[in-house]
Structures are given as structure tokens and as C-alpha cells.
Amino acid sequence: MKKLWLLCPIILVATHLSSAATAADRDPGYYANLGASYIKVEKVSFVDTAVPAGAAALSAADSIEFVGSLGYLYDSGLRTEFEISFRRNGVDDAITLPEALPLEGEAETDLRALGGMVNMLYDFETNSHVLPFVGGGLGVANVNARNERVGWTDGDTAVAFQGLAGIEFALSADLSVHGGYRFFATSGAAVGMGGDDYRTHNVELGLDFRF
């Protein structure tokens, strides 16, 4: 009897999956999704005469990104969407040249990026609950670094681009979950007088709603 009770959750999940709509059951139309990502930021270096030290290289701490989008699914499997994302990372380590200004995390330094993207994605039909997808996007992002303790902030708005791939799992005709990877970066973002572009690696999990 105890073993039978242990099997109940498995039976319930199997029953739900057998009755849930597959990806093929989706009709063309509008959808929205909400997600969160684990972010890894590549090192950012910059030059700024407003900083007493003159230059710094920041190593941003890993953090969480929040992203939301509104889009449209076509019969062909193509999707177009508008996306807004926000990333905020503390600073693990900073090296100033010369070492005159501390910018470490305890000095309340952080790196932020607010992005607006237009994406195009393609869903690979599998006639099952699992739907792989790939896509890319182009837009703009405002990237800035700030140190509240010393009252310093600087940033720039630049062209942003991304590539993404993942898997969507249908829970019903109108609801699914997705997971995947995206590379998000800017081109020509200069914090101060110049510096590296802002580049991130993101592992994402989210919910998709169709209406």
C-alpha cells in the first residue's frame, strides 16, 4: 500500500502530460513571457578622467536578470517579439591605475544595464510537448557603472544584440515553461572616455502565456 501511495504523484504527472496540449496544438497569436536568468558578466575596463585613479577594470559578481517580452507567433513557426530586460551586478573586484580609488563591492559599486530589444525566433516543430527554439535580437541598452560611496557614476547608451537558444515545454495550450541560454552584448558602449563592450552569458528559466 505504501508503494502505491508513492506512485500516485508519478501517475498524476503522467495523466496531466497525456492530456496537455502539445506544441503542435498552438494557434498563431499573441503571447507574453516572463523570465529570470543567472548572469555571468565578462570583465569591463574603462578610462574616465572623472575618476581620480583615471582607469579601472571591474569584475562583476554573478547575479540575476529579469526579462519580459510581448510577441506574436506565426503559422510558419516564426516569432517576433519586443523585449525589456534589466541586469544589475555588484562588483567582486576592481583594479584602479594607479591604485588610488577603491571600487570594491564593499564600496557599493555596481554595474547596471537596461535593454530594449526586437527579437526574431524560430520554433522547431516536434509534435510533442518539447519545442526547441533559436533566435536573435537587435536593440539598444543603457549601461552604467556607479559607486555611491564616492558619488561617481558614468554610463552610455549603445546598440545591443543577442543570440539565444533553448527548449519550451508545453503544459497546456496556453501555458508553457522554457529554459535556455542567451548571449547579450553591446557594441560601442563606452563608460567614460572608452572601454570594452558590455558582454554577458545568461542561463534563463521562464513562463510563456498565450492569449
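The values are calculated or read from the model by the stated rules, or taken from the named source; none is laboratory data. The structure displayed is predicted, hence computed values, not measured ones. Neighbour counts run over all protein chains shown; Cβ positions are idealised from the backbone, glycine included.
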Output for the stretch 153-211, where each listed residue is of a type in the set (Ser, Thr, Tyr) and modelled with pLDDT of 85 or more: 157, 172, 176, 181, 186, 200
Test result for residue 119, surrounded by 14 or more Cβ atoms within 10 Å (Cβ to Cβ), among the polar types (S, T, N, Q), modelled with pLDDT under 85 and under 21 Å from the mean Cα position of the chain (by Cα): no
Residue check for residue 112: at pLDDT 95 or above and either hydroxyl-bearing (Ser, Thr, Tyr) or out of contact with any helix residue (DSSP H, G or I) (no Cβ under 7 Å at 6 or more places or on another chain) (or both): no
Output for the stretch 29-59, where each listed residue is modelled with pLDDT of 70 or more and surrounded by 13 or more Cβ atoms within 10 Å (Cβ to Cβ): 31, 32, 33, 35, 36, 37, 38, 39, 40, 41, 42
